[in-house]
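I have placed the structure first, in the form of structure tokens, so that the comments after it can refer back to it.
Any read-out appearing in this document is the output of simple, stated calculations on the displayed coordinates, not a laboratory observation. Computed from a predicted structure; not experimentally measured. Virtual Cβ from ideal backbone geometry, glycine too; neighbours counted across all protein chains shown.
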Amino acid sequence: MRFKPLSVRTFLIGVALTAGIITGTLTFGPAIASNLSNQQVPVFPKNENGQTYGSSALVNSPDQEPDLISAVGEGGVEGYLRAVDLDEEMPKTPKEAVARNNKHKPDDVIEIPLYDVDGKTVIGVFKHSHGRIIEIPAKN
């Protein structure tokens with residue numbers, strides 16, 4: 001099979017396209033990554049007790065959550081859960097995690113108080129159930 005030699009014009013177009021793709025990748029890749037890693041930390045309003053309140057939907061990590069997290073409780077009551085009521089100490093080992101999980105049945109329901117924006121007045125209850133984690137032995 002015989003190949004025709006490339007014309008100078010075809011060669012220059014190929015070089016220009018390749019250079020454009022490389023430049024775009026090197027320019028926009030870091031810009032997008034930088035934009036994603038530099039997301040703004042949400043600023044929440046404070047109640048008269050100095051507690052922050054609002055939705056935790058836009059936070060990037062648990063330490064950015066407000067003190068009072070908006071939630072809808074039983075009967076459609078809108079209020080706030082105290083973040084400290086939701087936080088649980090992390091297990092130190094996988095065995096501890098499985099043991100903690102096994103002490104709860106999947107249909108166990110935990111009731112967490114639902115507060116008014118003041119963070120003191122209980123206005124309802126938020127019900128939460130535990131899921132089930134199954135330990136699968138590793139294949140050897």
- prompt: Looking only at residues in segment 51-98 that are in contact with an Asp or Glu (Cβ under 7 Å, 6 or more places away or on another chain), aliphatic (A, V, I, L, M) and surrounded by 13 or more Cβ atoms within 10 Å (Cβ to Cβ), which one is farthest from Val125 (Cα to Cα)?
  reply: Val98
statement: Checked Ser61, Ser55 against criteria (touching a Pro at 6+ places or on another chain (Cβ under 9 Å) and farther than 17 Å from His128 by Cβ); the one match is Ser55
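Just checking, which of Asn60, Asn49 is of a type outside the set (Val, Ile, Thr) and within 16 Å of the chain's Cα centre (by Cα)? If you could, list the steps in order and put the result at the bottom.
Values: Asn49 fails: within 16 Å of the chain's Cα centre (by Cα).
Exactly one residue qualifies, and that residue is Asn60.
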